[in-house]
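J.: Please read through the structure below; I'll follow up with questions.
The values are calculated or read from the model by the stated rules, or taken from the named source; none is laboratory data. The model shown is predicted, which means the values in this text are computed figures rather than measured ones. Cβ placement follows ideal geometry from the backbone for every residue including glycine, while neighbour counts extend to all protein chains displayed. Each accessible area value is taken on the protein alone, full model and side chains, heavy atoms only, with ligands, DNA and RNA left out. Shrake-Rupley method; radii C 1.70, N 1.55, O 1.52, S 1.80 Å.
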Amino acid sequence: MRSMRGIVALAAINGVVFFTGSPAAAHPHVFVDATAEIRFDAEQRVVEIQNAWKFDPAFSAYATQGLDTDGDGNFSEAELKPLAQENVESLRDFGFFSYFTIGSDLVALLPPKKYWLEYQDERLTLFFVLPLEKPAAIVAPAMLEIFDREYFVEFGFPEQKGLVLTGAATCVARHHPPESIDPATMAILGSLPQEQRELPSDLVQAVSALANYFAITCR
């Protein structure tokens with residue numbers, strides 16, 4: 001298992017730390033530099049959301065062990081395809097950490113048919129496209145949130161162009177970066193054992209402040 005959660009479980013069993021420099025592994029365990037793109041059709045309806053997640057070097061190094069089957073020092077599309085499929089199948093159980101709402105309605109997203117991995121500068125990037133179950137017009141303020149509510153994976157977005165709206169003539173997006181939480185809560189998160197993948201219930205609300213989300217409005 002090379003999925004984000006499976007690697008940490010394996011690391012804990014083997015007594016090896018892959019994501020941090022010390023044995024006292026804290027939440028989060030995997031770090032992702034992310035961007036997203038919301039695509040509109042000619043009728044100004046949202047039809048799909050593309051994500052690009054660039055994983056931290058430690059995760060990338062472990063996840064690609066043994067995948068260079070031809071020994072050329074690179075990872076071809078064919079060599080990375082099984083890993084891409086494994087990650088996408090694993091992420092399906094967590095809704096791809098993607099929540100898209102229009103007004104108070106959560107929009108249904110379908111599993112991706114288009115997905116692939118690329119490897120550059122010692123980092124893996126997972127690309128995947130989430131189609132909407134049916135095209136949706138933004139008739140009320142909308143929000144795209146990409147966040148692991150168990151805080152197992154931490155997502156970061158660039159200040160500029162973290163979210164791109166393609167084909168939207170009258171829509172704009174505003175990034176709301178994570179808030180800070182108090183040092184005591186961070187210390188508790190830091191003390192959680194590496195094999196613990198779910199947060200205690202009293203921490204779930206606290207870490208919600210660490211979510212990235214984009215507010216989208218159309219006129």
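J.: Cβ-Cβ under 6 Å, sequence separation 6+ or interchain: first residue in region 152-178 and closer than 16 Å to Thr125 by Cα, partner in a loop (DSSP other than H, G, I, E, B) and open to solvent by less than 60 Å² (accessible area, probe 1.4 Å). Which pairs?
T.: Every condition considered, the pairs that remain are Val153/Pro28; Glu154/Pro28.
J.: Can we say Ser60 is among the small types (Gly, Ala, Ser) and more than 30 Å from Phe40 (Cα to Cα)?
T.: yes
J.: List pairs: first in region 40-69 and more than 21 Å from Asp121 (Cβ to Cβ), second of a type outside the set (S, T, N, Q) and assigned to a loop (DSSP other than H, G, I, E, B), Cβ under 7 Å, 6+ apart or cross-chain?
T.: Phe40/Gly167; Phe40/Ala168; Asp41/Gly167; Gln44/Ala168; Gln44/Ala169; Val46/Ile138; Val47/Asp41
Yes or no, residue by residue, for (1) at pLDDT below 95; (2) closer than 19 Å to Asp148 by Cβ:
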position: Ser3; (1), (2): yes, yes
position: Ile13; (1), (2): yes, no
position: Phe18; (1), (2): yes, yes
position: Phe96; (1), (2): no, yes
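Rundown of residues vs (1) surrounded by 16 or more Cβ atoms within 10 Å (Cβ to Cβ); (2) of a type in the set (Ser, Thr, Tyr); (3) modelled with pLDDT of 95 or more, yes/no style:
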residue	(1), (2), (3)
Gln44	no, no, yes
Asn51	yes, no, yes
Leu83	yes, no, no
Leu91	yes, no, no
Val107	yes, no, yes
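J.: Taking the condition in contact with a helix residue (DSSP H, G or I) (Cβ under 9 Å, 6 or more places away or on another chain), under 25 Å from Lys161 (Cα atoms) and open to solvent by less than 60 Å² (accessible area, probe 1.4 Å), does Phe100 pass?
T.: no
J.: Same structure again: Exactly one of (1) over 25 Å from Gly156 (Cα atoms); (2) outside any loop (DSSP other than H, G, I, E, B); (3) open to solvent by 50 Å² or more (accessible area, probe 1.4 Å) is unmet by Glu79. Its number?
T.: Single failed check for Glu79: (3).
J.: Could you please let me know if Ala136 is part of a strand (DSSP E or B), in contact with a strand residue (DSSP E or B) (Cβ under 8 Å, 6 or more places away or on another chain) and not acidic (Asp, Glu)?
T.: The answer is yes for Ala136.
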